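Working notes, beginning with the structure itself.
The values are calculated or read from the model by the stated rules, or taken from the named source; none is laboratory data. Everything numeric in this text was worked out from a predicted model, so none of it was measured. Using ideal geometry, Cβ is built from the backbone for each residue, glycine included, and neighbour counts are taken over all protein chains shown. Just so you know, the surface numbers come from the protein's heavy atoms only, side chains and all, with ligands and any DNA or RNA stripped out. Shrake-Rupley method; radii C 1.70, N 1.55, O 1.52, S 1.80 Å.
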Amino acid sequence: MRFVRCAVFALAALTCGLSLCVSQAPAAAQPAPQSSAQATPAQPASTDAYTLSPEKLAQAKALNRIRLTLEIVGTLWGLAVLWILLAGRWAAGLEKWVTSISRFRWIQGLIFFAIFTVITTIASLPLDAVGHASSRHYGISVQQWDGWLGDQGKSLALGILIGSPILLLFNWIVRVSPRRYWIWVWVISLPLIVASVVLTPLVIDPLFNKFEPLMKTHAELVTKLETVVARTGTNIPPERMFLMKASEKSNGINAYVTGLGATKRFVMWDTTTDRMPDDEILFIFGHESGHYVRNHIPKMLTIFAVMLFFVFWGCARFGEWLVRRFGARWGIESVAGRAGFLTLIFAISIVSFFLTPVTNTISRHYEHEADIFGQEAIHGLVPDPVKTSVSAFNHLGEAWLEDPAPSPIVEFWDYNHPSVQTRAKFAREYDPWVNGGHGKFFDK
Ligand SMILES: [Zn+2]
């Protein structure tokens, strides 16, 4: 589904943006540091708040180099594959072939887009495998290769079963409304995005991981989480708290909120409950509650919906230009054909690449807000919210081998959470109640 970004692109940005995992706060948004009483000589702000042992640091540096390289190569390779399909006339050839095997247009289209999905998935497989191998090498992933391949197979099946019909529908719209198709695609993609946010936790997630009520094995923890619920006024009843058996695949630590309306829920990885002190879990839960209380999912959906309007308009113009400029050479007459439709997907892939820092900046903004909310939410519930938050970030960073000093450009472009260092530094300085002050979201 890597290239099937149209409707999915907003969603991807969303879903990544809303899992807590590893993030931090943009410096500009940080409130002025509170000078704590005076006694303890406060560490200078430049001192790291997130640190790793020399051995872990070397591993983190090496792994993050690999991650970045894979990311850059993967993006370029993804665009190259689309270009090769178009410029090598493979797309045009495939279109010709599918018209010969059925007289029904919809069957031709389904086969065309299913094969397209298979090709792009197989093309990205080697790089994904390198990513998995390096994750295993550094002890983050513990998933065996057969299980990993099984997951790849499931993703491919979903791409074929769900992605192909959606592409067929969009392709049909381009054909029946050659001038205004981008508006119609936009209109239809909105309910599709909302539906996928609603259905993902019910239909997609259980295909890849096992979930059970958090209550079942962690009743005591749920009772503690209820104290945060009471303080935040969040409507997260215990039946909306789930435990995900992440330890079968990963050593990473994580928690996230997902779903919308009736499927909205809080999910905790079992690695988190197994390895983090309860106080820190309360902080993570407070962070996730922040996403809930501050309505981050609806807000981001709205922002992305507006962005998509312009993206679809721009990509329609771009795709049509590609066909005018290269169509003769590629064997493509218009964007309305099967192969021609791929020029629109190519255009969207390029535009979404350049929008990456925009969507990530929005995501970092909300993550920072959730961090503030989380730290304020545990005030009065844990002995020292500052210490708890900083320690939680260190646990998160170490579990994922996060780089303590990522390049600012990489952070700006690629991080959907602020870096762990930024988050930990902010947490260390953030104590709004000192000297009788009050929090941004809580008075007490
Ligand atoms: Zn978050």
### Query
For segment 316-355, which residues satisfy the criterion of being of a type outside the set (A, V, I, L, M, F, W, C), assigned to a helix (DSSP H, G or I) and surrounded by 16 or more Cβ atoms within 10 Å (Cβ to Cβ)?
G319, E320, G327, R338, G340, T343, S349, S352
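Within segment 27-49, can one find any residue that is modelled with pLDDT of 95 or more and either more than 16 Å from the ligand (Cβ to nearest atom) or open to solvent by 50 Å² or more (accessible area, probe 1.4 Å) (or both)?
Looking for residues that are modelled with pLDDT of 95 or more and either more than 16 Å from the ligand (Cβ to nearest atom) or open to solvent by 50 Å² or more (accessible area, probe 1.4 Å) (or both), one finds at least one in segment 27-49, hence yes.
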### Query
Among the residues of segment 204-235, which ones are more than 19 Å from S247 (Cβ to Cβ) and among the hydroxyl-bearing types (S, T, Y)?
T223, T227, T232, T234
### Message
If I go through segment 393-419 residue by residue, how many of them are part of a loop (DSSP other than H, G, I, E, B) and buried (at least 18 other Cβ atoms within 10 Å of the Cβ)?
### Response
10
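Filter segment 287-296 for residues that are more than 11 Å from the ligand (Cβ to nearest atom) and either assigned to a helix (DSSP H, G or I) or open to solvent by less than 60 Å² (accessible area, probe 1.4 Å) (or both) and give the result. Working first, answer last.
Taking segment 287-296 first, the residues more than 11 Å from the ligand (Cβ to nearest atom) are 293, 295.
Correct list: V293 only.
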#### Entry: Filter result (touching a helix residue (DSSP H, G or I) at 6+ places or on another chain (Cβ under 8 Å) and assigned to a helix (DSSP H, G or I)) within segment 228-247
V228, V229, R231, T232, P238, E239, A246, S247
### Task
Hey, could you check segment 228-259 for residues that are away from the ligand (no atom under 16 Å from the Cβ), closer than 13 Å to V293 by Cα and of a type outside the set (G, A, S) and say which is least open to solvent (accessible area, probe 1.4 Å)?
V229
### Task
Restrict the check to segment 287-295 and report whether at least one residue is touching a helix residue (DSSP H, G or I) at 6+ places or on another chain (Cβ under 7 Å) and of a type in the set (F, W, Y).
no
### Query
Which one of these does L190 not meet: (1) aliphatic (A, V, I, L, M); (2) farther than 18 Å from L342 by Cβ; (3) at pLDDT 95 or above?
(3)
### Query
What do you reckon, is T422 within 16 Å of the ligand (Cβ to nearest atom), assigned to a helix (DSSP H, G or I) and either of a type in the set (S, T, Y) or more than 17 Å from H287 (Cβ to Cβ) (or both)?
yes
### Filter result for D274 (more than 16 Å from the ligand (Cβ to nearest atom), part of a helix (DSSP H, G or I) and acidic (D, E))
yes
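For the condition over 28 Å from I115 (Cβ atoms) and not polar (S, T, N, Q), what is the one hit in L214, L207, L158, L192?
Of L214, L207, L158, L192, the one residue that is over 28 Å from I115 (Cβ atoms) and not polar (S, T, N, Q) is L214.
Considering every residue within segment 357-370, establish whether at least one is more than 16 Å from the ligand (Cβ to nearest atom) and either outside any helix (DSSP H, G or I) or not aliphatic (A, V, I, L, M) (or both).
First, pick out the residues of segment 357-370 that are more than 16 Å from the ligand (Cβ to nearest atom): 357-358.
Keeping just the survivors that are either outside any helix (DSSP H, G or I) or not aliphatic (A, V, I, L, M) (or both) gives 357.
Scanning segment 357-370 turns up at least one residue that is more than 16 Å from the ligand (Cβ to nearest atom) and either outside any helix (DSSP H, G or I) or not aliphatic (A, V, I, L, M) (or both).
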### Message
Can you find, within segment 321-379, the residue that is farthest from A87 (Cα to Cα) among those that are in contact (Cβ under 8 Å) with a residue 40 or more places away in the chain and among the aromatic types (F, W, Y)?
### Response
F373
### Query
Checking E212 against (1) touching a helix residue (DSSP H, G or I) at 6+ places or on another chain (Cβ under 9 Å); (2) open to solvent by less than 40 Å² (accessible area, probe 1.4 Å); (3) away from the ligand (no atom under 16 Å from the Cβ), which single condition isn't satisfied?
(1)
### Query
Would a scan of segment 176-198 turn up a residue that is over 30 Å from S334 (Cβ atoms) and open to solvent by less than 30 Å² (accessible area, probe 1.4 Å)?
yes
